[in-house]
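*Asks:* Here it is, the structure, as structure tokens.
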Amino acid sequence: ATAIYRADYEAPAWWIDTVDLTFDLDPAKTRVLSKMRVRRNPDVTAQPLRLDGDELNLARVMVNGGGTSFKMDGDQLVLENLPEGHEPVELEIFTTCCPAKNTKLMGLYVSEDTFFTQCEAEGFRRITYFLDRPDVMAMYTVTLRASKAQYPVLLSNGNLVESGDLEDGRHFAKWVDPHKKPSYLFALVAGNLVAREQKIKSRAGNEHLLQVFVRPGDLEKTEHAMNSLMHSVAWDEARFGLSLDLDRFMIVATSDFNMGAMENKGLNIFNTKYVLASQATATDTDYANIESVVGHEYFHNWTGNRVTCRDWFQLSLKEGLTVFRDQEFSMDMAGAASARAVKRIDDVRVLRTVQFPEDAGPMAHPVRPDSYIEINNFYTVTIYEKGAEVVRMQHNLVGREGFAKGMKLYFERHDGQAVTCDDFSQAIADANPESALAENLQQFRRWYSQAGTPVLKAVGQYDAAAQTYTLTLSQSCAPTVGQSEKLPFVIPVQMGLLTAAGQAIALQLQSEEAAQGTSRMLVLTEAEQSFVFANVPEAPVPSLLRSFSAPVVLDCEFSDADLLTLLAHDSDPFNQWEASQRLGLRYALKFIAASADTESANDQFGTEILPADFVQAMRRVLQDDKLDAAFKDLVLTLPSESYIAEQLAEVDPQRVHTVREAMILQLASSLLPAWEAAWESNRDTGAYTPDHVSAGRRALAGRALSMLCLNAVQTGDTIWPGKAYQRCKDAGNMTDRMAALAALVYSASPLAEQALQRFHALFKNDALVLDKWFALQGAASDRGGNVLPAVQALMKHPDFQIKNPNRARSLIFSYCNNAGAFHRADAAGYAFWADRVIEIDGFNPQVAARLTRVMDRWKKLPEPYRAAARTALERVAAKTDLSNDVREVITRALA
Ligand code: HT7
Ligand code: ZN
């Protein structure tokens, strides 16, 4: 396989103006007739028409109603003798494909007797020969024909213009999409489905029909998805003035899907995980995810569909922007400032625990990559989450109103076009000519072109005589694959200063006449810059990077006292939380280093890793009536193992795991009465609603129960495990039930097995709940190496189906991400991983490539893990028939 380079982009030599597709749907052999009107691109020198195809059977090609010569070049169908000149040419291509055998779930496939499509990024070429690239936008008419009994519902993009019966029990439906679109947004669905329907009226007074299609029996689980969709439509109108541009907007759920959901024009296709919810089967997190994913796909209707990407290197143009939009949507829906902060903290945790490692590993790439082998490998946290941070920085540099103006200009300029990341930032800057973004636009664009996480170093110096405080900010960025030199970024640093007692200090730069509030943004553009603040009454505690104003690592020498001040008093809740994480990280790193030459950190340190003042600060947070439960839960969550690991040059995963577990145990035992009180006051949240306040209370109750069960294992107490077991039996919602089950499993309680069995018996007919059941067991605490054999046994369970991506992810991915159980001295975890990568690659390369990435950071492992990891990677690499997807990831990992 060869790499494709951004620098090689050329406009297409041909345009496709209209496509008329007719499908005769049959699982074993679907016939596809494509009639296209194509014409030469007058701006490009004349070339043959080269159409992409993949695993198609070609039956016939006709040009302007007559036969034609053609040739195959690899997977491409090449037409060299098309009429010269710029007149449109009528092309007719007849192909067949086999949806029943499509295990890759790309193109047209069958899931539970229903036809679905997935065309992004390059799936349309598995349906018919086409110019399968996002800058070729065409008008689509689609006719679907199928057995009426088996496939009573026939859907495609746009509006239903005709339907009726055919001979032999078949029927048809004809759909016309009123908007031109790239092929990756094409979709069809055919099957036995039912819909929840809702009519809505837009601000402009237009009527729209919203539909959520699911399998019969699942209808009552669609209320939250429908509500989320209605909220999304209203939010986009209110916040950005963007209205729904279709009479009908449909969501369809499938349980076989490679990713979360897909924004096909007017016909979104969703993983059931992001549609179906009832209080008995879905957790608060599921509810929140559904709202966010429904919003995300809906918002793509403008950011992605109306204005799309010129090429796949620009993927973050739509994904980064749409993630930013869904994050803002969730924050606006959350309402209160504290709930917004909780959402921001959640988002930053994902960025730091998943994207920062990606940016420092073998798959590091810029937000706008320069090359790829398999585009499916570039649907990454860098494109999505870091891309959203890059949009957020632009938002912050021009302000909320300025950003809205920029978006307006973006759509005025580019509606109906396929454009680039540069076009986006240009519009935001042009709409705000006086902004720091416009002033530094070229330099700002390095966020798109340079990979890696910058380190922002901050050094403060207080001059008591002059009452000045000099804050020196400097930046650096380590080399990443293919990029050895990095130029300075534009880094917005939202900040404030606090007295030691925690009071906010008025901020006045020496050059200014008067103070300008107590929180402000400094913009770092040089490698190093100093900012001098005047009238500072005492040596201040700096609160830097408030709300995580830039995706960087902040290196600042805070004392423990500074951090305790920030934790107790900072007006920025993000930095309050951040202070708790810095303290937790500090103690973890100290004890990981100290335990370097001992067998077990536990034995050496007992339960005394955390100093008394930190434990006391945690107690205060837990007992503070003024703090939200959700926020308390986040503060009391120690930095994750992967975040701790990222700070280390060499990572002994067992040591990281053991030290973190010991810290958790110490918090469990030292705060025992506070945990009991937290449980008692939050265990009953009344009639279930997934709102943020009661969800936060359930989260805190769940953590308290888990801490109490962990402590019980140490003390031999049976009361709390008994209460958890009882909760598993009688909980009124899945959040509480799952938390109780997890408390038993993670504490390795003797009651865990029985509770798991009951849970299975109760939910054996609900696929999404069974996924949770498998996932929990894959993520269980390892006791003497017991998790891997349990996982191997579960793979033989009648409910385990490796070909279903949700199920494979729930057991296999969950185990391979369970560091304490996966990194085994006998290398059995790695052997299991290699076997599964090879097995899954045989039928679904995209899912296999995701699993391959579990080993991204293997070079940081010490022996004996490192050699064993290499052996496993090399075993996979030695397979000659690997997919391009897995080959690209494994080659980079081994390089
Ligand atoms: N834009 C969608 C991407 C997607 C996808 C990509 C490759 C293979 C399968 C896929 N399913 C969905 C999802 C989104 O970001 O909205
Ligand atoms: Zn998206």
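The values are calculated or read from the model by the stated rules, or taken from the named source; none is laboratory data. As the structure is a prediction and not an experimental result, all values here were calculated from the model. Every residue, glycine as well, gets a Cβ built from its backbone with ideal geometry; the counts of neighbours run over all protein chains shown.
*Asks:* State whether one or more residues within the range 40-48 are of a type in the set (Gly, Ala, Ser), in contact with a helix residue (DSSP H, G or I) (Cβ under 7 Å, 6 or more places away or on another chain), at pLDDT 95 or above and not in a helix (DSSP H, G or I).
*Replies:* no
*Asks:* Does Asp597 satisfy the criteria of being farther than 20 Å from Leu648 by Cβ and either modelled with pLDDT of 95 or more or out of contact with any helix residue (DSSP H, G or I) (no Cβ under 8 Å at 6 or more places or on another chain) (or both)?
*Replies:* no
*Asks:* Also, quick follow-up: Looking at Tyr469, Tyr448 in this structure, which one is at pLDDT 95 or above, hydroxyl-bearing (Ser, Thr, Tyr) and over 33 Å from the mean Cα position of the chain (by Cα)?
*Replies:* Values: Tyr448 fails: over 33 Å from the mean Cα position of the chain (by Cα).
Of the residues listed, the single one that is at pLDDT 95 or above, hydroxyl-bearing (Ser, Thr, Tyr) and over 33 Å from the mean Cα position of the chain (by Cα) is Tyr469.
*Asks:* Further, regarding this structure: For the range 308-326, check the following and say yes or no: at least one residue is more than 10 Å from ligand 1 (Cβ to nearest atom), among the β-branched types (Val, Ile, Thr), more than 22 Å from Thr380 (Cβ to Cβ) and in contact (Cβ under 8 Å) with a residue 24 or more places away in the chain.
*Replies:* For the range 308-326, residues more than 10 Å from ligand 1 (Cβ to nearest atom), among the β-branched types (Val, Ile, Thr), more than 22 Å from Thr380 (Cβ to Cβ) and in contact (Cβ under 8 Å) with a residue 24 or more places away in the chain: absent.
*Asks:* Among the numbered conditions (1) closer than 26 Å to Thr254 by Cα; (2) modelled with pLDDT under 95, tell me where His86 comes up short.
*Replies:* Exception for His86: condition (1).
*Asks:* Can you tell me which of Arg50, Arg40, Arg126 is away from ligand 1 (no atom under 16 Å from the Cβ), buried (at least 20 other Cβ atoms within 10 Å of the Cβ) and charged (D, E, K, R)? If you could, list the steps in order and put the result at the bottom.
*Replies:* Values: Arg50 fails: buried (at least 20 other Cβ atoms within 10 Å of the Cβ); Arg126 fails: away from ligand 1 (no atom under 16 Å from the Cβ).
Only one candidate qualifies: Arg40.
*Asks:* Among the residues of the range 511-540, which ones are surrounded by fewer than 16 Cβ atoms within 10 Å (Cβ to Cβ) and either in contact with a Phe, Trp or Tyr (Cβ under 7 Å, 6 or more places away or on another chain) or free of Cβ contacts under 8 Å to residues at least 24 places away in the same chain (or both)?
*Replies:* Correct list: Ser511, Glu512, Glu513, Ala514, Ala515, Gln516, Gly517, Ala539.
*Asks:* Might you check whether a residue that is in contact with a Cys (Cβ under 9 Å, 6 or more places away or on another chain), of a type in the set (Phe, Trp, Tyr) and modelled with pLDDT of 95 or more occurs anywhere in the range 180-191?
*Replies:* Initially, the range 180-191 is screened for residues in contact with a Cys (Cβ under 9 Å, 6 or more places away or on another chain), giving 182-187.
From what's left, of a type in the set (Phe, Trp, Tyr): 184, 186.
After this cut, where a residue has to be modelled with pLDDT of 95 or more as well, the list is 184, 186.
Yes: the range 180-191 contains one or more residues that are in contact with a Cys (Cβ under 9 Å, 6 or more places away or on another chain), of a type in the set (Phe, Trp, Tyr) and modelled with pLDDT of 95 or more.
*Asks:* Among (1) away from ligand 2 (no atom under 14 Å from the Cβ); (2) within 28 Å of Tyr410 (Cα to Cα); (3) basic (Lys, Arg), where does Lys318 come up short?
*Replies:* That leaves (1) as the condition not met.
*Asks:* Same structure again: Just the residues that are in contact (Cβ under 8 Å) with a residue 40 or more places away in the chain, within 27 Å of the chain's Cα centre (by Cα) and part of a loop (DSSP other than H, G, I, E, B), please, taken from the range 792-836.
*Replies:* Hits for the range 792-836 are Lys803, Asn804, Asn818, His823.
*Asks:* Do you know which residues across the range 410-464 are touching a residue at least 60 places away in the same chain (Cβ under 8 Å), in contact with a Lys or Arg (Cβ under 6 Å, 6 or more places away or on another chain) and either over 16 Å from Lys318 (Cβ atoms) or surrounded by fewer than 19 Cβ atoms within 10 Å (Cβ to Cβ) (or both)?
*Replies:* Those that are touching a residue at least 60 places away in the same chain (Cβ under 8 Å), in contact with a Lys or Arg (Cβ under 6 Å, 6 or more places away or on another chain) and either over 16 Å from Lys318 (Cβ atoms) or surrounded by fewer than 19 Cβ atoms within 10 Å (Cβ to Cβ) (or both): Asp415, Gln450.
Residue-by-condition table, conditions (1) part of a helix (DSSP H, G or I); (2) within 31 Å of the chain's Cα centre (by Cα):
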position	(1), (2)
Met495	no, yes
Ala501	no, no
Ser530	no, no
Val536	no, no
Phe558	no, no
Ala568	yes, no
Ser571	no, yes
Asn575	yes, yes
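*Asks:* Here is a check on your reading of the model: is Lys273 more than 15 Å from ligand 1 (Cβ to nearest atom) and out of contact with any Cys (no Cβ under 6 Å at 6 or more places or on another chain)? Lay out the reasoning, then the answer.
*Replies:* Details: more than 15 Å from ligand 1 (Cβ to nearest atom): no; out of contact with any Cys (no Cβ under 6 Å at 6 or more places or on another chain): yes.
No; evaluated as a whole, the condition is false for this residue.
*Asks:* May I ask you to verify whether Asn206 is within 16 Å of ligand 2 (Cβ to nearest atom) and outside the structural domain of Gly387 (by TED's automatic domain parsing)?
*Replies:* For Asn206, the condition - within 16 Å of ligand 2 (Cβ to nearest atom) and outside the structural domain of Gly387 (by TED's automatic domain parsing) - is not met.
*Asks:* Can you give me the number of residues within the range 410-456 that are in a loop (DSSP other than H, G, I, E, B) and at negative phi? Steps first, please.
*Replies:* Initial filter on the range 410-456 (in a loop (DSSP other than H, G, I, E, B)): 415-417, 420, 431-435, 440, 445, 450-454.
Pick out the ones that are also at negative phi and you get 415, 417, 420, 431-435, 440, 445, 450-451, 453-454.
Going through the range 410-456 one residue at a time, the tally reaches 14.
*Asks:* Six or more apart or on different chains, Cβ under 6 Å: which pairs go from a residue in the range 867-890 that's in a helix (DSSP H, G or I) to one that's modelled with pLDDT under 95? Could you list them?
*Replies:* Every condition considered, the pairs that remain are Asn884/Ala1.
*Asks:* I would also like to ask the following. Within the range 151-179, can you find the residues that are in a strand (DSSP E or B) and either in contact with a Cys (Cβ under 8 Å, 6 or more places away or on another chain) or loosely packed, with under 14 Cβ neighbours inside 10 Å (or both)?
*Replies:* Result: Val161, Glu162, Ser163, Gly164, Asp165.
*Asks:* Only one of (1) under 18 Å from the mean Cα position of the chain (by Cα); (2) away from ligand 2 (no atom under 13 Å from the Cβ) is not met by Val307, so which one is it?
*Replies:* Val307 satisfies every listed condition except (1).
*Asks:* So, in the range 827-865, exactly how many residues are within 16 Å of Gln654 (Cα to Cα) and either of a type in the set (Gly, Ala, Ser) or in the same structural domain as Thr480 (by TED's automatic domain parsing) (or both)?
*Replies:* The qualifying residues number 3.
For every residue, the table says whether it meets (1) more than 16 Å from Ser814 (Cα to Cα); (2) without any contact (Cβ under 8 Å) to a residue 40 or more places away in the chain.
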{"position": "Ala743", "(1), (2)": "yes, no"}
{"position": "Ser747", "(1), (2)": "yes, no"}
{"position": "Leu776", "(1), (2)": "no, yes"}
{"position": "Ala780", "(1), (2)": "no, no"}
{"position": "Gly784", "(1), (2)": "yes, yes"}
{"position": "Leu788", "(1), (2)": "no, no"}
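*Asks:* Please determine, by comparing only the residues of the range 332-376 that are part of a loop (DSSP other than H, G, I, E, B), at pLDDT 95 or above and small (Gly, Ala, Ser), which one is nearest to Trp577 (Cα to Cα).
*Replies:* Ala360
*Asks:* Could you list, in sequence order, all residues of the range 199-217 that are outside any loop (DSSP other than H, G, I, E, B) and under 27 Å from Cys119 (Cβ atoms)?
*Replies:* His208, Leu209, Leu210, Gln211, Val212, Phe213, Val214, listed by residue number.
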